[in-house]
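**Q** Once you've had a glance at the structure underneath, I'll fire off some questions.
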Amino acid sequence: MTLLLIAALFLPLFPLSIVFNGALAQLRKPVAHCVLLLVWPQLGVALLTLASHAVPPYVVPWALLTAGFYALRLLTVRDMGQWAGVLATSALALTWALAAGGADRAELHAFAFWFSLPAALVALLAHPLARRFGAAYAGLQGGLIGSQPRLSGALTLTVLAAVATPPFPGFFALLNLLQKLDLSGAVGVLAIWMIWGWAATKLLQGFIFGAERAVSSGDIGRISSLAYTGLLGVFVIAGLYLTGGGL
Amino acid sequence: MDKLTILLPAMPLLSALLIALLGVRSRRGVARLSVGFAVLTFLLAAASLAFYLVEGQPHWMSLGRGWGSLYLDPLASLMAAMVAGISLVVHVYAVRYMAEEPGYARFYILLDLMAAAILLMVAAGDLVTLLVAWHLIGVLLYFLLGHDAARPAAQRYAFWTFFTYRLGDLPLILAAVLLYQAYGTTSLPALFELIGADPGAHHVVGLPLTTVTAFLVALAAFARSAQFPLHIWLPYTMEGPTPVSALMHAGIVNAGGFIINRFAPVFVHAGEVLHLVFVVGLVTAILGSVLMLMQNDIKKSLGYSTMGQMGFMFVEAGVGAFSLAIYHLIAHGLFKGTLFLGAGSVINNARKHDGVPHDDVYTFVVERKPVAYRLPWVVAAALTVVVPFVILGLSHWLVDDDFVGRQGAIILLFFGWVTGAQLLFVTYRLRAGSPWRLMAMIILSLVIVVAGYTWIGHAFDLFLYPDRAFSDRLYAAASIPLGTFEVLAAILSLAVVGGWAATYYATANGGLRSGEASPLRLALYSLLSREFYVADVYTWLTQAVLGLSRRLNVWLRWV
C-alpha cells in the first residue's frame, strides 16, 4: 500500500501532484524540465507494477477527478513550461485508470511515455521562445505564424500531439483506455479530452495567431525544424506500430 | 481496381507532404502540384464509382493492422466522387482567389490534408479509421477557418467551430467504444452483420445497444451538421476564406447526413432515435429559414440557409428516406458551393450597379405594386391545391407504386405539396400580359422539378439501398402509430393553412406596417435578431468555466 502511495506521487494524484508541479516550477533549465517530465512518470509506473496490491477501486474516480481538475486549470495557464506540466499531470493521472483496467507493465510504461514525451517537447520549445521574447507566455507575442513559421509549425504539431490528436499515439492510447472503463468513466475521460483540446486552441491563439508585433526575431533553423518534425514523425510511426491503432 | 481505391485519400496526403517537405516556394509551383493531385484524385474517385457500377459488389480492404481499412460500397464511392469533385473546383478557384494572401503554401497543404481526411472518412472501413478522419476534419477546419491569423474574428469563430466539432466527436467515440466492447470488432461490415443477426443481444444502462449507439451517432451528426442548438458556429464561419466556406458548406457540413447513412444498419433498429432526428431536423429547418430571412449580409444569409437545408436533410433521414438525404446532401452541396464561389462576383457587381431587375417579379414582390389582371380566384385556388397534389402523386406512383404506402413518404409528399401550392399561391397574382401562359409555364416548371426529383431520388434509393426489404424496414422503423400520425398531420395542415390565411390577412391590410409594434412582436424581433440568445448563453458558460479555472489556479498558487 505504501508503494502505491509513493506511486501516486510520481503518477500524480491530487494533492500529491503539487510536488511534481512544484518541482517543475523550481527548475530553470529546459533540459531539466524534459528529463523530469520523461523520467518521473516512468518511476511511478515502475513502483505501481512493483506493488503487490491491485489498484483499489476508489483510485479510479480519484484519478479521473485529478485529471479533470488539472484539465480545468489548464485552460487559464499561459506560461508554456507550466502548461506542459499541468497537461502532463492531467494525462498521467489517467495511468491509474488504465492500471485498474488490467493493463500490463509494458502498456503502462508506453501510456505514460505517449503523454510525457509531447509534454516534454512543449517544455523544450518554451526555451527558444523565452530566449527571443523574455518569456514563453501566451498572448505576450502573438502572430508568430507570420514571422516564425517554422517555430509555429513545430509548436502546433507538438501541442496537437500533447492533446492526443490523431495520428499521434496519445489518441490511440486514449481509445485503448476508454474500452477498459465503464460508461461513466469513459464519459469522464472524454470530457477531459475535450477540455485539453480547448486549452490547446487557447495556447495556440496566444502564440501563433493574432496581429504580428513590430519586433521580430529570427526563426528557428531549418535543421532544428526538420529534427523536430522528424522526431514527431518517428513518434507517430512508433505509436502506430506499438499501439496497433488502439481499441 | 479496388486496390487503387487506397490511393484516394493517399493522393491529397502525398500532395501536402510534397509541398511541405520539398519546401516548394513559388506560388505557381504550389498551385500546379496541388491542383494536379486534385485532378488525379477526382479521376480516381470517378473510376472507383464507375468500377462499383460495373462490378456491383462492395469491397473491404485492410492494411493488415488494427485499423486503416477502407470500405468501398455505394455510399462511399458516391460520396468520394462528390467530395473529390468539389475539392477539385475549390482547388482551382483558390489558385487566383488566394494569390495575394499570405501563407499560400500553408493554405494548400491544409486544403490537401482536409481533402484526404474527408475522403478517408467517407471510405473508412472500420471504427478507428472513421474516428481518426472524423477527428482530423475538425482540427484541420480550425486551421483553415483561422487562415487569416491577424483577424481576431476569424480566430474566434474558428474556435467556435472547433469546440462544437469536438463536442460532436465525443459521442461518436463513445459509440465506437460501446460497439467494440459488445462485439469485439472494429470492422464496419462485420459489425453491421453481427448487429443484423441479433439486434437485441446487448444492452447498455438498460437500453438496447442499438438505440444507445444510434442516439450517440445522431448527437455526433447534430454537432457536425449544425443542428439546433449546436448551429451557432455555422453562420459565423464566413470569416474564413471563401474557398473554405465553399468546401465547408458543400462538403464538410454534410457529414452528419453521411454518418447517419453509414450507420443505417444500426438506425433501422432504433425507431425512437429516428423520431428524435426528425424533430431536431424540423426545428432546425424552421429556425434556420427564419434566421436566413433576418440577415442583411449575403454570406451570413447563405450560412443560415445551409442550416435550414441541413435541417431538411435530417427530416428526410428522420422519416426513413435515407437515400433521399444523400441526394439532398449532394444537390445542396453543388448549388451552395456554386453560390459561395459566386458570392464575390455578386458583391463586386453590386458595387457597380444595383443589379435590381426592374421586371414584373420585382415590382410585385418588392415594390408590392397592384396587379393589373389576375386569374379568377376560384381557378387559382383550384390550381394551387390540386395541381401540386396531382403532379406529386402521379410522379411518385409512376416511379414506385408502393411509395405512398410509407408514412415517411406521405410526409415528404405533404412537404412537396405545401411548397408547390405556396409557389402557385404567390405567383398567381403576378402581373403578366398572359396570366394563363404564365401559369402554364409555372406548372410545367413544377412538373419538371418534381419529376426530376422523383426519378433521381428513386435512382439514388436503388443504388444506395438495393435491398428493397432493408429500405422498407427503414421507413417502418421511422413510422409512428397511425392514429398519432393522422392527428399530427391534421395539426400540421391546420398550421400551414392558418399561416397562409394570416399572410393573406396581413397582406390585405397593408402588411400591418403602420403604427406601433406590439410588445409581443418586439419580443419576437429581439429574440430573432439575437439569434435566440444561443451564442450569448454559450459565451456566458465559457466565461464561467474560465473564471472558475482562473480562481482555482490562484488559490493553488499555480502549482
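The values are calculated or read from the model by the stated rules, or taken from the named source; none is laboratory data. Everything numeric here is computed off the predicted structure, so don't read it as measured data. Cβ coordinates were reconstructed from backbone atoms using ideal geometry, including for glycine residues, and neighbour counts include every protein chain displayed.
**Q** Consider residue B:477 against the criteria (1) touching a Leu at 6+ places or on another chain (Cβ under 7 Å); (2) at pLDDT below 85: it satisfies all of them except one. Which criterion is unmet?
**A** The failed condition is (2).
**Q** Right, here's the next one. Applying the selection to the stretch B:67-116, what residues are charged (D, E, K, R) and over 30 Å from residue A:147 (Cβ atoms)? So that I can check it myself, show each step before the final result.
**A** The initial filter retains those residues of the stretch B:67-116 that are charged (D, E, K, R), namely B:73, B:96, B:100-101, B:106, B:112.
Matches in the stretch B:67-116: B:73 only.
**Q** Here is a further query. Just give me the residues in the stretch A:75-90 being hydrophobic (A, V, I, L, M, F, W, C) and over 23 Å from residue A:29 (Cβ atoms), in sequence order.
**A** Selection gives A:75 alone.
**Q** Just to be sure I understand, how many residues within the stretch A:113-137 are surrounded by fewer than 18 Cβ atoms within 10 Å (Cβ to Cβ), in contact (Cβ under 8 Å) with a residue 24 or more places away in the chain and either closer than 23 Å to residue B:147 by Cα or of a type outside the set (A, V, I, L, M, F, W, C) (or both)?
**A** Counting residues in the stretch A:113-137 that are surrounded by fewer than 18 Cβ atoms within 10 Å (Cβ to Cβ), in contact (Cβ under 8 Å) with a residue 24 or more places away in the chain and either closer than 23 Å to residue B:147 by Cα or of a type outside the set (A, V, I, L, M, F, W, C) (or both) gives 1.
**Q** Could you please give the count of residues in the stretch B:161-190 that are under 24 Å from residue B:542 (Cα atoms) and of a type in the set (S, T, N, Q)?
**A** 2
**Q** Can you tell me which of A:171, A:235 is assigned to a helix (DSSP H, G or I) and in contact with a His (Cβ under 8 Å, 6 or more places away or on another chain)?
**A** Details: A:235 fails: in contact with a His (Cβ under 8 Å, 6 or more places away or on another chain).
Unique residue meeting the criteria: A:171.
**Q** Next question. Among the residues of the stretch B:175-221, how many are under 24 Å from the mean Cα position of the chain (by Cα), closer than 20 Å to residue A:175 by Cβ and among the hydrophobic types (A, V, I, L, M, F, W, C)?
**A** Total satisfying the criteria: 8.
**Q** Moving on to the next point. Based on this model, can you work out whether residue B:115 counts as without any contact (Cβ under 8 Å) to a residue 12 or more places away in the chain and touching a helix residue (DSSP H, G or I) at 6+ places or on another chain (Cβ under 8 Å)?
**A** Working: without any contact (Cβ under 8 Å) to a residue 12 or more places away in the chain: no; touching a helix residue (DSSP H, G or I) at 6+ places or on another chain (Cβ under 8 Å): yes.
When the stated conditions are applied, residue B:115 does not pass them.
**Q** Right, something else. Name the residue, out of B:149, B:190, that is of a type outside the set (Phe, Trp, Tyr) and within 11 Å of chain A (Cβ to nearest Cβ).
**A** Numbers: B:190 fails: within 11 Å of chain A (Cβ to nearest Cβ).
Unique residue meeting the criteria: B:149.
**Q** Restricting attention to the stretch B:74-101, and to residues there that are surrounded by fewer than 23 Cβ atoms within 10 Å (Cβ to Cβ), touching a residue at least 60 places away in the same chain (Cβ under 8 Å) and more than 20 Å from the chain's Cα centre (by Cα), which single residue is nearest to residue B:42 (Cα to Cα)?
**A** Filtering first and then ranking leaves B:93.
**Q** Pick from the stretch A:31-79 the residues that are part of a helix (DSSP H, G or I) and among the polar types (S, T, N, Q): which of them is farthest from the other protein chains (Cβ to nearest Cβ)?
**A** As a first pass, look at the stretch A:31-79 and keep what is part of a helix (DSSP H, G or I): A:31-50, A:59-74.
Imposing the further condition that a residue be among the polar types (S, T, N, Q) reduces the set to A:42, A:49, A:66.
On the way: A:42: 22, A:49: 25, A:66: 13 Å.
The extreme case among them is A:49.
**Q** For residue B:15, state whether it is touching a Ser or Thr at 6+ places or on another chain (Cβ under 6 Å) and within 30 Å of residue A:223 (Cα to Cα). Working first, answer last.
**A** Details: touching a Ser or Thr at 6+ places or on another chain (Cβ under 6 Å): yes; within 30 Å of residue A:223 (Cα to Cα): yes.
Considered against the rule, which asks whether it is touching a Ser or Thr at 6+ places or on another chain (Cβ under 6 Å) and within 30 Å of residue A:223 (Cα to Cα), residue B:15 comes out as yes.
**Q** Return the residues of the stretch A:193-215 that are at pLDDT 90 or above and among the small types (Gly, Ala, Ser); say none if nothing qualifies.
**A** Within the stretch A:193-215, A:197, A:199, A:200, A:206 qualify.
**Q** For the subset of the stretch B:301-323 comprising residues that are among the hydrophobic types (A, V, I, L, M, F, W, C) and over 12 Å from the mean Cα position of the chain (by Cα), which member is modelled with the highest pLDDT? Working first, answer last.
**A** Filtering the stretch B:301-323 for residues among the hydrophobic types (A, V, I, L, M, F, W, C) gives B:302, B:307, B:310, B:312-315, B:317, B:319, B:321-322.
Right, trim to over 12 Å from the mean Cα position of the chain (by Cα) and you get B:302, B:319, B:321-322.
Working: B:302: 83, B:319: 89, B:321: 88, B:322: 92.
Selected residue: B:322.
**Q** Oh, and also: Does the stretch B:160-181 contain at least one residue that is within 19 Å of residue A:144 (Cα to Cα), surrounded by fewer than 22 Cβ atoms within 10 Å (Cβ to Cβ) and at the interface with another protein chain (Cβ under 8 Å from one of its Cβ atoms)? Spell out how you get there, then give the answer.
**A** Quick first cut of the stretch B:160-181, residues within 19 Å of residue A:144 (Cα to Cα) only: none.
No - not one qualifying residue is present in the stretch B:160-181.
**Q** If we scan the stretch B:424-433, do we find a residue that is out of contact with any helix residue (DSSP H, G or I) (no Cβ under 6 Å at 6 or more places or on another chain), surrounded by 11 or more Cβ atoms within 10 Å (Cβ to Cβ) and modelled with pLDDT under 70? Break it down stepwise before answering.
**A** First pass over the stretch B:424-433, keeping only residues out of contact with any helix residue (DSSP H, G or I) (no Cβ under 6 Å at 6 or more places or on another chain): B:426, B:429, B:433.
Pick out the ones that are also surrounded by 11 or more Cβ atoms within 10 Å (Cβ to Cβ) and you get B:426, B:429.
Cutting the leftovers down to modelled with pLDDT under 70 gives us B:426, B:429.
Yes, because at least one residue in the stretch B:424-433 is out of contact with any helix residue (DSSP H, G or I) (no Cβ under 6 Å at 6 or more places or on another chain), surrounded by 11 or more Cβ atoms within 10 Å (Cβ to Cβ) and modelled with pLDDT under 70.
**Q** Within the stretch A:89-101, can one find any residue that is within 13 Å of chain B (Cβ to nearest Cβ), in a helix (DSSP H, G or I) and surrounded by 22 or more Cβ atoms within 10 Å (Cβ to Cβ)? Give the steps one after another, and end with the answer.
**A** To start, the set of residues in the stretch A:89-101 that are within 13 Å of chain B (Cβ to nearest Cβ) comprises A:89-90, A:101.
Those left that are additionally in a helix (DSSP H, G or I): A:89-90.
Still in the running and surrounded by 22 or more Cβ atoms within 10 Å (Cβ to Cβ): A:89-90.
Yes, some residue in the stretch A:89-101 is within 13 Å of chain B (Cβ to nearest Cβ), in a helix (DSSP H, G or I) and surrounded by 22 or more Cβ atoms within 10 Å (Cβ to Cβ).
**Q** Give me a count of the residues in the stretch A:205-232 that are in a helix (DSSP H, G or I), crowded, with 19+ Cβ neighbours inside 10 Å and facing another protein chain (nearest Cβ under 9 Å).
**A** Adding up the residues that qualify gives 1.
**Q** How many residues, within the stretch A:176-204, are in a helix (DSSP H, G or I), in contact (Cβ under 8 Å) with a residue 40 or more places away in the chain and over 23 Å from residue A:85 (Cβ atoms)? Break it down stepwise before answering.
**A** First, the residues of the stretch A:176-204 that are in a helix (DSSP H, G or I): A:176-178, A:183-204.
Checking the rest, the ones that are also in contact (Cβ under 8 Å) with a residue 40 or more places away in the chain come to A:176-177, A:185, A:188-189, A:191-192, A:195-196, A:198-200, A:202-204.
Subsequent filtering for residues that are over 23 Å from residue A:85 (Cβ atoms) retains A:176, A:185.
Number of matching residues: 2.
**Q** Does any residue in the stretch B:445-468 that is among the β-branched types (Val, Ile, Thr) come within less than 7 Å, Cβ to Cβ, of a residue that is buried (at least 19 other Cβ atoms within 10 Å of the Cβ) six or more places away or on a different chain, and which pairs are these?
**A** B:447/B:391; B:450/B:391; B:450/B:392; B:450/B:395; B:450/B:416; B:454/B:395; B:454/B:396; B:456/B:327
**Q** Check B:231, B:269, B:202, B:249 and return the single one that is in contact with a helix residue (DSSP H, G or I) (Cβ under 7 Å, 6 or more places away or on another chain), free of Cβ contacts under 8 Å to residues at least 40 places away in the same chain and in the same structural domain as residue B:179 (by TED's automatic domain parsing).
**A** Working: B:231 fails: free of Cβ contacts under 8 Å to residues at least 40 places away in the same chain; B:269 fails: free of Cβ contacts under 8 Å to residues at least 40 places away in the same chain; B:249 fails: free of Cβ contacts under 8 Å to residues at least 40 places away in the same chain.
That would be B:202, the only listed residue that is in contact with a helix residue (DSSP H, G or I) (Cβ under 7 Å, 6 or more places away or on another chain), free of Cβ contacts under 8 Å to residues at least 40 places away in the same chain and in the same structural domain as residue B:179 (by TED's automatic domain parsing).
**Q** Under 9 Å by Cβ, and 6 or more places apart or on different chains, what pairs join a residue from the stretch B:513-526 that is surrounded by 11 or more Cβ atoms within 10 Å (Cβ to Cβ) with one that is of a type in the set (Ser, Thr, Tyr) and at pLDDT 85 or above?
**A** B:517/B:525
**Q** I'd like to know if the stretch B:353-372 contains one or more residues that are buried (at least 18 other Cβ atoms within 10 Å of the Cβ) and modelled with pLDDT under 75.
**A** Yes, the stretch B:353-372 contains at least one residue that is buried (at least 18 other Cβ atoms within 10 Å of the Cβ) and modelled with pLDDT under 75.
**Q** Another question about this same structure. List, please: which pairs have Cβ atoms under 8 Å, are six or more places apart or on different chains, and start with a residue in the stretch A:145-169 that is facing chain B (nearest Cβ under 10 Å) and end with one that is of a type in the set (S, T, N, Q)?
**A** A:145/A:152; A:153/A:225; A:153/A:229
**Q** Sticking with this one: Could you check how many residues of the stretch B:138-174 are among the small types (Gly, Ala, Ser) and within 21 Å of the chain's Cα centre (by Cα)?
**A** Here is the first cut: in the stretch B:138-174, the ones among the small types (Gly, Ala, Ser) are B:138, B:146, B:149-150, B:153-154, B:158, B:168.
After this cut, where a residue has to be within 21 Å of the chain's Cα centre (by Cα) as well, the list is B:138, B:158, B:168.
The total comes to 3.
**Q** Residue by residue through the stretch B:250-308, note down the ones that are surrounded by fewer than 21 Cβ atoms within 10 Å (Cβ to Cβ), among the charged types (D, E, K, R) and within 23 Å of residue B:194 (Cα to Cα).
**A** Correct list: B:272 only.
**Q** Still on this model: Kindly indicate which of B:99, B:81, B:115 is more than 14 Å from every other protein chain (Cβ to nearest Cβ), in a loop (DSSP other than H, G, I, E, B) and among the small types (Gly, Ala, Ser).
**A** Numbers: B:81 fails: in a loop (DSSP other than H, G, I, E, B); B:115 fails: in a loop (DSSP other than H, G, I, E, B).
Only one candidate qualifies: B:99.
**Q** Now a separate question. Within the group B:44, B:63, B:40, which residue is of a type in the set (A, V, I, L, M, F, W, C), part of a loop (DSSP other than H, G, I, E, B) and closer than 16 Å to residue B:3 by Cβ?
**A** Values: B:44 fails: part of a loop (DSSP other than H, G, I, E, B); B:40 fails: part of a loop (DSSP other than H, G, I, E, B).
When all the criteria are applied, what remains is B:63.
**Q** Among the residues of the stretch B:228-242, is any touching a His at 6+ places or on another chain (Cβ under 6 Å) and outside any helix (DSSP H, G or I)? I'd like the intermediate steps shown before the answer.
**A** Taking the stretch B:228-242 as the starting set, the residues that turn out to be touching a His at 6+ places or on another chain (Cβ under 6 Å) are B:241.
Going one step further and asking which of them are outside any helix (DSSP H, G or I), we end up with B:241.
Yes - at least one qualifying residue is present in the stretch B:228-242.
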